[in-house]
Amino acid sequence: MVGILVHGNNHFILSGPAPDEASALALIRHWSVIQIGEAKSSSFGQWQIRSKEFRENLEWAVIVPGDREPSPAVTQLLGELSARGVTIRRLRTGCW
């Protein structure tokens, strides 16, 4: 499975199952915080960041509230996913 995890104006295309709320927050915390001198792995648990993926392959979407709105391109993509019948989960609480 492949999906999109959105946090504010940042997003990640991930292979793996749709994360539950706790996992989505952990994923956002893991990949959003820059740690100087520490290399970030593109994998975290059962998820892996995909650098290239066809939008037609996206099967899930999770939105975690952030301090900014999603970019226009991500908003358009979410609209396309919704039109295709993909469920978009919107979490009520942010990760910070």
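Brief remarks follow.
- Restricting attention to the stretch 56-85, the residues that are touching a residue at least 60 places away in the same chain (Cβ under 8 Å) and farther than 14 Å from His11 by Cα total 1.
- In the stretch 79-90 there is no residue matching the filter, namely being at pLDDT below 90, out of contact with any strand residue (DSSP E or B) (no Cβ under 8 Å at 6 or more places or on another chain) and not polar (S, T, N, Q).
- Near pairs, Cβ below 8 angstrom, 6+ apart or cross-chain, from the stretch 15-29 (farther than 14 Å from Arg90 by Cβ) to any residue that is outside any loop (DSSP other than H, G, I, E, B) and among the polar types (S, T, N, Q): Ser15/Gln48; Gly16/Gln48
- Summed over the stretch 38-69, residues that are farther than 25 Å from Thr93 by Cβ and loosely packed, with under 12 Cβ neighbours inside 10 Å total 7.
- In the set Glu69, Glu59, only one residue is at negative phi and at pLDDT below 95; that residue is Glu69.
The values are calculated or read from the model by the stated rules, or taken from the named source; none is laboratory data. For clarity, every value in this text was computed on a predicted model and none was experimentally measured. All Cβ positions, glycine included, derive from the backbone under ideal geometry; neighbour counts span all protein chains shown.
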